[in-house]
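Here's the structure, in structure tokens; my notes come after.
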Amino acid sequence: MDRTHEASGPVVVQVRERGRFTIPAEICRQMGIKEGDVFSLIQLGDTLIATRKTLVAPEIAGAIEALMEEEGATLGDLLDGLEEQREAYVREE
């Protein structure tokens, strides 16, 4: 049974040093939360809502790496291309 969307009752956690609290292991397991995950916190009155954020930089880096591999391009090739584009941009101004 997929429990990732199943509601559960309130869980009490204690705020520790520097405003830290621990998400209980069972919730982490059910939701697939792992160390390094990033969350956005939203305050609604006296309620705090945490939503998982997806970092796009690693996805973009992976896509660029795949394209480089597909095209047989190196980092040097990319840097040379960026330099050419910068020079062309400066000439246009």
(request) Mind putting a number on the dipole of the chain about its Cα centre? Charges go on the C-beta only, +1 for Lys and Arg and -1 for Asp and Glu, and I need it in Debye to the nearest 20. (result) 1100
(message) Given region 1-85, report the % of alpha carbon pairs whose separation exceeds 22 Å.
(response) 51
(request) Answer rounded, prolate or oblate for region 16-58, using the Cα gyration tensor with square roots of eigenvalues a ≥ b ≥ c: rounded when a/c is under 1.5, else prolate when a/b is larger than b/c, else oblate. (result) oblate
(request) Return the loop-located trypsin sites (Lys or Arg not before Pro) in region 7-68 (DSSP other than H, G, I, E, B) with at most 10 other Cβ atoms within 10 Å of their own Cβ; answer none if there are none. (result) Arg16, Arg20, Lys34
(request) Could you go through region 56-71 in sequence order and give the Karplus-derived ³J(HN,Hα) for each residue, using 6.51 cos²θ - 1.76 cosθ + 1.60 with θ = phi - 60°, rounded to whole Hz, and x for Gly and Pro? (result) 8, 4, x, 5, 5, 4, x, 5, 5, 4, 5, 5, 4, 5, 4, 8
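When each pair of different Cα atoms in region 29-78 is counted once in the 1/r mean, what is the Kirkwood radius in angstroms, to one decimal?
Its Kirkwood hydrodynamic radius stands at 14.1 Å.
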(request) For region 36-43, take each phi angle, set θ = phi - 60°, evaluate the Karplus expression 6.51 cos²θ - 1.76 cosθ + 1.60, and give the result in whole Hz per residue in order, putting x for glycine and proline. (result) x, 4, 10, 10, 9, 9, 10, 9
(message) Can you give me the angle between helix 75-92 and the longest principal axis of the chain, using Cα atoms only, in degrees from 0 to 90, rounded to the nearest 10?
(response) 70
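Only the coordinates and a few stated rules stand behind these numbers; no lab work does. Keep in mind that what you see is a predicted model, and the values were worked out from it rather than measured. When we count neighbours, we look across all protein chains shown, and the Cβ atoms used for this are built from the backbone with ideal geometry, even at glycine.
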